[in-house]
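Following: one structure in structure tokens, then a few remarks.
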Amino acid sequence: MSQTLTPPPGSAPAPGRAVQPAHPGQPGGQAGTAPTTQAQERAERRAGVRSALRRTPGKLRIALAVCVLASIVFGVLGFQAARVQGIALEDARSDTSQLVGIQDVRNNLVVADAAATNAFLVGGLEPADQRERYDDAIANASIRLAELAGANSADATELGVVASQVTVYTGLIEQARANNRQGFPVGSAYLDQASTLLRDEILPTLTTLVDDNAERVASDLSMVRNAMWILAAGLLCLALLIVTQVWLAKRTHRVLNVGLLVASVVILVVGVGGAVLLSQTNSAAAAVRDGPYAATLAASTAYSEANDAKAMESFTLIKRGSGQTYEESFVELTADATQRLDQAGADGNLDGTSAGYLGEWITQHQAIRALDDAGDWDGAVALATSSDEGGPNAAFAAFSQTVTSDIAENIKATQADLASAGNRSALAGWLLLAAGLAAAVLAWRGLNVRLEEYR
């Protein structure tokens, strides 16, 4: 009978038998499985995702995400482009209104000054129509100053200063009138002080504000840019949709996908239409800038310069032989006013009627100067203050009537054209946004139908 001997503890294992290492938490000598590490788990997940994306359902999901995102981005970009145009156009309307308002204040002040100086020549009790013209002009200027200061905070401080200076100016004019009525020579000194305040302080401030607002308008209109890049964005989105349809046709052996096809048509039609509308808005803004807006500035500036020249005409006579400086100012002002109106006529913005009446008045002025230079001061004053038909004041009144009509018509056209352009821009924006969202939904539905086939 045989006997099996058990090796004593600590002896070597029998040949051919392996010893399993012990792990913490496991009894020594028992078999165990190593736990999967976090790195291994992440690698397995990534491998699973890559494997899923390499299959057709995964690729369909990628195509769906790209098409939907591209459509939404197209719509949002189009809406934003139109919104920027709309804001710029609205700012242009506001700044144009402010600019013309300040120019109107300037015009009213020089109209009042021209009326006051011309009436001063008469001596004694001034003509009622001249007094009424002065009062109306000052009242209009004061009302407009209050309105404009509240309309734009950027101009409020300067306009407040001008308003207080206008009060001082009217006080000096009243002093000049009171003394002139009594035949006191000191009235001329008060008139000089009023004129100096107007031309050295009030008018330069208003001119600076006009220039500032003109820069704002130019900046606003420059923001209404050509939006053909919207068409480029639409074509890029359309290309993605077409490439997806071609790939889908090869993969599924179906020629058309209705959702993608309709989405492509929507992007193409609305993209082209929206780009055209935005481009038309850009063209409309340029037309306003070079058309009625330019005509408004030309006519308004010419009107202001002509009234300033009218005051210079009176001062030349008031100074009795020492008014050469005023005559030189008259020549400079009327030359610039004539050039502005002639240029506006050459550009097709004005019909030339105002320029014609201005020329007639300048011709009448030469008759006044001829009398004065010949030593007939009384005859020159009589002609300068005459209200007879065919006289200098009648010619100036005709000019004033036509040029103010030009200003009113062109500012109205400017505001109307900018408003129309803004409406067109808003329409384009909403159409582009709706098209982008609709194309996104259509693309999702079209591709989702194919995905359902793999579930």
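Checking each residue of segment 73-88 against the condition of being in a helix (DSSP H, G or I), touching a residue at least 12 places away in the same chain (Cβ under 8 Å), charged (D, E, K, R) and closer than 30 Å to Ala233 by Cβ gives at least one match.
Taken over segment 340-352, residues that are assigned to a helix (DSSP H, G or I) and in contact (Cβ under 8 Å) with a residue 24 or more places away in the chain amount to 4. Here Ala367 fits the description: of a type in the set (A, V, I, L, M, F, W, C) and in contact (Cβ under 8 Å) with a residue 24 or more places away in the chain.
Here segment 292-333 is the region considered, the condition is being basic (Lys, Arg) and surrounded by fewer than 24 Cβ atoms within 10 Å (Cβ to Cβ), and the residue that is farthest from the chain's Cα centre (by Cα) is Arg320. The residues on offer are Arg216, Arg177, and the sole one that is under 23 Å from Ala114 (Cα atoms) and among the charged types (D, E, K, R) is Arg177. Considering only residues in segment 423-444 that are of a type outside the set (Gly, Ala, Ser) and under 26 Å from the mean Cα position of the chain (by Cα), the one that is surrounded by the most Cβ atoms within 10 Å (Cβ to Cβ) turns out to be Leu432. If the condition is being without any contact (Cβ under 8 Å) to a residue 40 or more places away in the chain and either surrounded by 15 or more Cβ atoms within 10 Å (Cβ to Cβ) or more than 22 Å from Val110 (Cα to Cα) (or both), then segment 177-196 contributes Asn179, Gln182, Phe184, Pro185, Val186, Tyr190, Asp192, Gln193. Only one of the numbered conditions (1) at pLDDT 95 or above; (2) under 34 Å from the mean Cα position of the chain (by Cα); (3) open to solvent by 30 Å² or more (accessible area, probe 1.4 Å); (4) of a type in the set (Val, Ile, Thr) is violated by Val166, and that is (3). Would you say Ala249 is more than 21 Å from Val76 (Cα to Cα) and touching an Asp or Glu at 6+ places or on another chain (Cβ under 9 Å)? Taking the combined requirement at face value, the residue does not satisfy it. Answer yes or no: is there a residue in segment 402-422 that is surrounded by 15 or more Cβ atoms within 10 Å (Cβ to Cβ) and under 19 Å from Leu268 (Cβ atoms). Taking every residue of segment 402-422 in turn, none turns out to be surrounded by 15 or more Cβ atoms within 10 Å (Cβ to Cβ) and under 19 Å from Leu268 (Cβ atoms). Consider segment 445-455 and keep the residues that are assigned to a helix (DSSP H, G or I) and of a type outside the set (Val, Ile, Thr). The one that is surrounded by the fewest Cβ atoms within 10 Å (Cβ to Cβ) is Glu452. Within the set Ala370, Ala355, Ala384, Ala337, the sole residue that is small (Gly, Ala, Ser), open to solvent by 40 Å² or more (accessible area, probe 1.4 Å) and either out of contact with any Cys (no Cβ under 6 Å at 6 or more places or on another chain) or part of a helix (DSSP H, G or I) (or both) turns out to be Ala370. Of the residues Val270, Val217, the single one that is crowded, with 22+ Cβ neighbours inside 10 Å, in contact with a Phe, Trp or Tyr (Cβ under 8 Å, 6 or more places away or on another chain), β-branched (Val, Ile, Thr) and assigned to a helix (DSSP H, G or I) is Val217. The criterion of being outside any helix (DSSP H, G or I) and either at pLDDT below 95 or at positive phi (or both) holds for Gly183.
For segment 241-265, the tally of residues that are in contact with a Ser or Thr (Cβ under 9 Å, 6 or more places away or on another chain) and under 30 Å from Thr281 (Cβ atoms) stands at 3. Only residues that are open to solvent by 60 Å² or more (accessible area, probe 1.4 Å) and at negative phi were counted across segment 233-261, and they come to 14. Set side by side, the residues Ala309, Ala284, Ala299 differ, and just one is in contact with a helix residue (DSSP H, G or I) (Cβ under 8 Å, 6 or more places away or on another chain), within 30 Å of Gly75 (Cβ to Cβ) and of a type outside the set (Phe, Trp, Tyr), which is Ala284.
For (1) among the β-branched types (Val, Ile, Thr); (2) open to solvent by 10 Å² or more (accessible area, probe 1.4 Å); (3) part of a helix (DSSP H, G or I); (4) without any contact (Cβ under 8 Å) to a residue 40 or more places away in the chain, each residue gets a yes or a no:
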site: Ala114; (1), (2), (3), (4): no, no, yes, no
site: Leu121; (1), (2), (3), (4): no, yes, yes, no
site: Arg131; (1), (2), (3), (4): no, yes, yes, yes
site: Ala139; (1), (2), (3), (4): no, yes, yes, yes
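So which residues in segment 84-108 are open to solvent by 30 Å² or more (accessible area, probe 1.4 Å) and modelled with pLDDT of 90 or more, if there are any at all? Ile87, Glu90, Asp91, Arg93, Ser94, Ser97, Asp104, Arg106 - these are the residues of segment 84-108 that are open to solvent by 30 Å² or more (accessible area, probe 1.4 Å) and modelled with pLDDT of 90 or more.
Of everything listed in (1) at positive phi; (2) within 29 Å of the chain's Cα centre (by Cα), the single unmet condition for Gly390 is (2).
Results for (1) modelled with pLDDT under 90; (2) outside any helix (DSSP H, G or I); (3) open to solvent by less than 50 Å² (accessible area, probe 1.4 Å), shown as yes or no for each residue.
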position: Glu158; (1), (2), (3): no, no, no
position: Val161; (1), (2), (3): no, no, no
position: Thr170; (1), (2), (3): no, no, yes
position: Ile173; (1), (2), (3): no, no, yes
position: Asp200; (1), (2), (3): no, no, no
position: Leu209; (1), (2), (3): no, no, yes
position: Arg225; (1), (2), (3): yes, yes, no
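The values are calculated or read from the model by the stated rules, or taken from the named source; none is laboratory data. Keep in mind the model is a prediction, meaning the values are calculated, not measured. Counting neighbours? That spans all protein chains shown, and the Cβs are built from the backbone with ideal geometry, glycine included. With ligands, DNA and RNA removed, areas are computed over all heavy atoms of the protein, side chains included. Shrake-Rupley method; radii C 1.70, N 1.55, O 1.52, S 1.80 Å.
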